[in-house]
Amino acid sequence: MSRSLLLQLARLGDLIQSLPAISSLHSSFPDRPLDLVCAAPLASMAQLFSDIQRVYPWDGERWHSLANMDGGAPEPFVVAAEQYVDDCAFPRYSVAYNLNNHPRSVLASHVLSDQVVGAGDLGPLHPSLPPWVAYLRQVAGDRGANRIHLADAFCGVCGVNPPSVVPTIRATHVDLPNDLACMVDEGSWNGIGIVLGAGDRDRRVPLATWRQFIEVCIDQLPHGLCVLIGGPGEREAALALEDQLPPSYLSRLLNCVGRTSLPQLAHVLNRCQWVVGSDTGPLHLGVACGARAIGWYFSRARVHETGPYGVGHYVWQFRPGVNSKTLGAFDLNGSAPPPGSWPVQETLQLIQGQDESAHPSEWELWKSHRDVWGMFYMNGEQLDSAVAQRKNIWEQLSAPSANRDSTVGFRSHLTGCSS
Amino acid sequence: MNVFQENISILRSQDPALASHLLNTPGGLLSIYPAKSGLPTAVVNNRSIHSAYDPLREAEQWAAHHAKDCQAGEVLVVLGLGLWYHLEALFANVSQDSLIMVVVPNLQELVDGLAVRGLKGWGERVKWVWGDPESMAGQVAQQGQRVRLLTYEPALSLHADVYDAFRLQLRQQLAHRANGTLHVMVVGPIYGGSLPIGGYVVRALESLGHRVSWVDHSLHERGYQQLNTIRDDRLRMTVQQRFSDTLGVISLAHVAEDPPDVVLAMSQAPLSMAVLEQMRRKKVLTAMWFVENFRHLTYWQQMIGGYDFWFVMQQAACLDAFKQAGASHVSYLPLAADPSIHQRVNLTEHEEDELKADVSFLGAGYRNRREILPALLGHEWTFKLWGNEWDNCGTLAKVLQRNGARIDTPTSVKIFNGTTVNINLHSYTKSGFDPDGDSVNPRTFELASCGAFQVIDHRTLLPDLFDDTMMKVVRTPEEFVPAINTSLREPEQRRAMAEASKQQVMTSHTYVHRMETLLSAMGLASPDRIGAILQGERQAESLLARSRESPELIPLLNTFPKKSRVELVDMARAIRLKGPEAQLKREELLILMMDEYRQEKRDFL
């Protein structure tokens, strides 16, 4: 039986954003098993993807170590690389979907399959990019007003449409440490996952802000349980946060930071009603696990590219000194200053079901929606022209005659609502 | 037939001459007695050569430790004989493709062993190397394979001088046979005496065919010296240290951009321990040629663990001090000359007017020179003093040239050529000659290379480099004047000595010789990296011959000139040149993949 393979070697956020593409591929080719190659530390997480049959970890550290072994003569490197690939016992794939426009991913795709869809489709040395990959690169560079979400663009890269149903992850079969299990699996509370840290320093929310947010949640949500989420690197910060809170609040706080594997974290997030945080992998994991998300997007994070995937999520987009109706016109190129204030009370109000309240001046509220062309965010009730243009972009980029490497066609769509 | 006779019979089948010599050699060097385990063990001068309890177990541990590094096809040269428990264990632990050569420094020692321990089962298959050090080294070098030295220390010390001579000879002979090319990054100082030497080193390495990257920090001298205007000592030193650290990081960036096989730092190169540690993590071998007096400049003590190899211009006490401080490899490497620069030149009439003299001295105004050189004034000859740091030099002021300006290399060569008797007085910060004076300064080699005659103060290491037919050596300051008088009166002898010293440089003391020796020493200590490259194992023809496991690489290897060195990066480059439409084979894809990871630089700085 022919098998297909999807390669996603990037970080947790990108892996989670690949779920719609995986789901659509599975729906489109139900009889063709789909396997996944992902970064080794994420492989246990990817085992939870129901539409993936086999997960192969790509051990970048091991590759790095092999590539830096003594000597420079080519043969031992080839032998070592062959050994690595052989040890993984990859089957031969009839097609490999490559989501990363990176030489390593392109090369891996060609090692594993004769036919590559996505980056490197014309050959490992061919500089030409397929239309959807070129689009993503253009978006990353121009940071314009595109409205096709990254996860939907991944679908485009794979040659499939966005999925009809938003895919989710279930991990309630994964065992938790006893003390966590007692709290998490006890069902009388409203869990609010708080994503404490971020891989990129400039995407971290100050601890004082989190303390303020936790205090208002506990004060104003009678059944609220704040679940702190993060990796081992944030353990100290989580303990510091606990220290700063009055002791009476601690019974309403569950500190999971650095205490869970990714599958265990998914289990915890499966029990949360909400997840709040900046644009990070755990935020998207929370969404995939069924929580509604409220993202605080600042620095280089952009709601239209990487907002939480699905319907009913919110994003507070930081826009210093900007009128709320003109988001598309501004180029968030990463040079924006850090927020001076945070939408703490406003986020609580969203959790309480009040989304009509006044907004803080530097933040815009966007809400997620979905249609046949994937998902999009709207700031208010009226569809803007950029949302409507998604259909044209899809048709243009997905057409068999789509012009490779030409960004002229969709550049107008990227900047179409800028004025 | 007893053990000895049986052993002789085994040796005769392999080396009749050796067997014959052994029959006429008395034993008695080793005192043999039974160990606790019952096996024979040996003692010399109250020092045990093998364990007094269990020599077999000890030998197995030694062999296991060494065998893990040995690779098939290598020549394993064992130094240290004793009762060869370790040889037997080594034989059992290494690939049958490896040739084991055992250096026999003294036949008496072998005779003692032959009387008590059998060779059967393994002794037939090792090669016994005997004779004088030069011929023994020749036997090893002519194998034409990668050489790995394995030392059994307890027995080594019995004949340390023979082994040292053997190693020196082997280094030189392998150096002459080396045909592979390395990428050497030479890191120079910001300024100072080792700066021009760095330039000579670069030229020498290039003339040997190696690829050289010269990290020239003298470009930053002006900025560095500008910091001397900061009056606060602590602040100035802090800023200078930061400046120096930055230059170290710049060196590291060069390494990251174009990784060399070897980083060769000259004395005072601004490489901190942190930078060296980073290079070690990236598996770049580092060496320092410490062309300073180790007693006067002691910063080497803080840097000792930073470099993989140290080369010093002093012997005995210096080598001991470096070893005791923790140097893993330290070797004697005297200074030299560059004959393309230090050569005979004709002076123009104008130059003769300024530079010519009966007697000259060129050098900085150290205390001993200030005290000794005035004795050369007031004679019938003309005397000129050249160099800097001669402020307040008293009566010498009237012969000081160019107001004590620093003399550049081209001018110094002309001065050497224009002087009948060049005075070469080694610097010393006290009176007279340095009683510990051992190393020989660069001027000695440079004068000789120019074919210039010199009168030089005695140095303990001088006789190994030049004999007294090549230069006039004085042992006390008082001998200078008579030596000059004699030399001025004997032009034929003077010319003959100068010519002999020049020939000596050409034969043995150029920077090319030194770099051959330096790389050969590194090759011997690092047989599977530097040694392999020097042996030409990375050349296309050698790779082709050894493409057993990946015959798919052969077509690609055939695209390279046979003698060119081919690394992973070269193959990756060749693959990429195939163009965008190329359909790549699996091996080619994997080469590109490895190259992608190998070029990762983000963890470098």
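Quick one: B:Lys578, B:Lys120, fewest Cβ neighbours within 10 Å first, how do they rank?
B:Lys120, B:Lys578
What lysines does B:Lys68 reach when the alpha-carbon gap must be under 23 Å and sequence neighbours fewer than 8 apart in one chain are set aside?
Output for B:Lys68: B:Lys127, B:Lys282, B:Lys283.
Looking only at A:Pro308, A:Pro20, A:Pro360, which one moves most when chain A is put into a Gaussian network model with springs between Cα atoms under 10 Å?
Evaluated over chain A, the most mobile residue of the options is A:Pro360.
If you take each beta carbon of peptide B:577-588 and count the beta carbons of other chains within 10 angstrom, what is the mean?
4
Using the Karplus curve 6.51 cos²θ - 1.76 cosθ + 1.60 with θ = phi - 60°, work out ³J(HN,Hα) for each residue of region A:381-389 in order, rounded to whole Hz, and write x for Gly and Pro.
9, 9, 5, 9, 5, 5, 5, 5, 6
Averaged over B:292-303, how many beta carbons belonging to a partner chain fall within 10 Å of each residue's beta carbon?
0
Which of rounded, prolate or oblate describes region B:48-134 when judged by the alpha-carbon gyration tensor and an a/c cut-off of 1.5?
oblate
When all alpha-carbon pairs of the protein assembly as shown are counted, what percent fall beyond 52 Å?
43 percent
Would you list B:Ile372, B:Ile530 from fewest to most Cβ contacts within 10 Å?
Taking fewest neighbouring Cβ atoms as first place, the list is B:Ile372, B:Ile530.
Among A:Leu383, A:Pro57, A:Phe29, pick out the residue whose Cα is farthest towards the positive end of the charge dipole of chain A, where Lys and Arg carry +1 and Asp and Glu carry -1 on C-beta, about the Cα centre.
Farthest along the dipole direction, towards plus: A:Leu383.
Given points 7 Å out from each Cα along the Cα-Cβ axis, report the A:Asp243 to A:Asp175 separation in nanometres with one decimal.
3.4 nm
Considering the options B:His509, B:Thr348, B:Ala19, tell which one lies farthest towards the positive end of the dipole of the protein assembly as shown, charges being +1 on Lys and Arg and -1 on Asp and Glu at the Cβ, about the Cα centre.
B:Thr348
Report ³J(HN,Hα) in whole Hz for each residue of region B:157-171, in order, from the Karplus equation J = 6.51 cos²θ - 1.76 cosθ + 1.60 where θ = phi - 60°; Gly and Pro get x.
Per residue, the Karplus-derived 3J(HN,Hα) values read 5, 4, 9, 4, 5, 5, 5, 4, 5, 4, 4, 4, 5, 5, 4 Hz.
Kindly work out what percent of the DSSP beta bridges joining two residues of chain B are antiparallel, to the nearest 5.
Bridges in chain B are about 10 percent antiparallel.
Compute from the Cα atoms of chain B the Rg and the Dmax, the latter being the longest Cα-Cα distance, and quote both in angstrom.
Cα radius of gyration and Dmax of chain B are 28.3, 86 Å respectively.
Contact order normalised by length for chain B, with contacts defined as Cα pairs under 8 Å and 6 or more residues apart; what percent is it?
11 percent
Using a Förster distance of 35 Å, how high is the FRET efficiency between B:Val345 and B:Thr298, based on the Cβ-Cβ distance and rounded to 0.05?
E(calc), rounded to 0.05, equals 0.35.
Of all beta bridges DSSP finds with both residues in the protein assembly as shown, what is the antiparallel percent, to the nearest 5?
In the protein assembly as shown, DSSP labels about 15 percent of beta bridges as antiparallel.
Mind ordering B:140-149, B:196-205 by average Cβ neighbours within 10 Å, highest first?
Descending packing order for the listed peptides: B:196-205, B:140-149.
From the square roots a ≥ b ≥ c of the eigenvalues of the alpha-carbon gyration tensor of chain A, which class results: rounded (a/c under 1.5), prolate (a/b over b/c), or oblate?
Because a/c hits 1.5 or more and a/b fails to exceed b/c, chain A counts as oblate.
Nothing charged except the Cβ atoms of Lys and Arg (+1) and of Asp and Glu (-1): what's the magnitude of the dipole of chain A about its Cα centre? Round to the nearest 20 debye.
660 debye
Residue farthest toward the positive end of the dipole of region B:511-602, with Cβ of Lys/Arg at +1 and Asp/Glu at -1: which of B:Leu518, B:Leu557, B:Gly579?
Going by the Cα projections, it comes out as B:Leu518.
Are there any GluC sites (Glu not before Pro) in region A:142-246 that are in a DSSP loop and have at most 12 other Cβ atoms within 10 Å? List them by number.
Those satisfying the criteria are A:Glu186.
Please give the contour-minus-distance gain from B:Asn228 to B:Ser9: 0.36 nm per residue of separation, less the Cα-Cα distance, rounded to one decimal in nm.
71.3 nm is the gain from fully extending B:Asn228 to B:Ser9.
Enter the mean number of other protein chain beta carbons within 10 Å of the beta carbon of each residue in A:63-69, as an integer.
Average neighbour count from other chains, rounded to a whole number: 5.
Please state, to two decimals, what the Cα-based radius of gyration of region B:556-601 comes to when divided by 2.2 N^0.38 Å (N = residues).
This ratio for region B:556-601 stands at 1.15.
Give me the dipole magnitude in Debye, nearest 20, for the protein assembly as shown about the Cα centre, with unit charges on the beta carbon: positive for Lys and Arg, negative for Asp and Glu.
My answer is approximately 740 debye.
Which one of A:Gly307, A:Gly233, A:Gly120 has the biggest mean-square fluctuation once chain A is modelled by GNM with Cα springs under 10 Å?
Evaluated over chain A, the most mobile residue of the options is A:Gly233.
Using a/c under 1.5 as the rounded threshold, could you call region B:448-605 rounded, prolate or oblate? The axes a ≥ b ≥ c are square roots of the C-alpha gyration tensor eigenvalues, and prolate needs a/b larger than b/c, oblate otherwise.
Note, shape of region B:448-605 comes out prolate.
For B:Asp69 paired with B:Asn388, estimate the spin-label separation in nm (one decimal), with each label point 7 Å from Cα along the Cα-to-Cβ line.
4.4 nm
With a 10 Å radius around each residue's Cβ, average the other Cβ atoms per peptide and rank A:169-176, B:486-493, highest first.
Going by the mean number of other Cβ atoms within 10 Å, highest first, we get A:169-176, B:486-493.
Report the charge-dipole magnitude of region A:178-371 in Debye, nearest 20, computed about the Cα centre from +1 at each Lys and Arg Cβ and -1 at each Asp and Glu Cβ.
Around 280 debye, computed over region A:178-371.
Using a Cα-Cα cut-off of under 30 Å, which lysines could be cross-linked to A:Lys391, ignoring same-chain neighbours fewer than 8 residues away?
In chain and number order, the partners are A:Lys325, A:Lys367.
For region A:178-371, give me the percentage of DSSP beta bridges that are antiparallel, rounded to the nearest 5 percent.
The antiparallel proportion sits near 20 percent.
Every number here is computed from the coordinates shown, using simple stated rules; none is lab data. Treat the numbers as computed from the prediction; the structure is a model and nothing was measured. Here the Cβ is made from the backbone with ideal geometry for all residues, glycine too, and neighbour counts use every protein chain on show.
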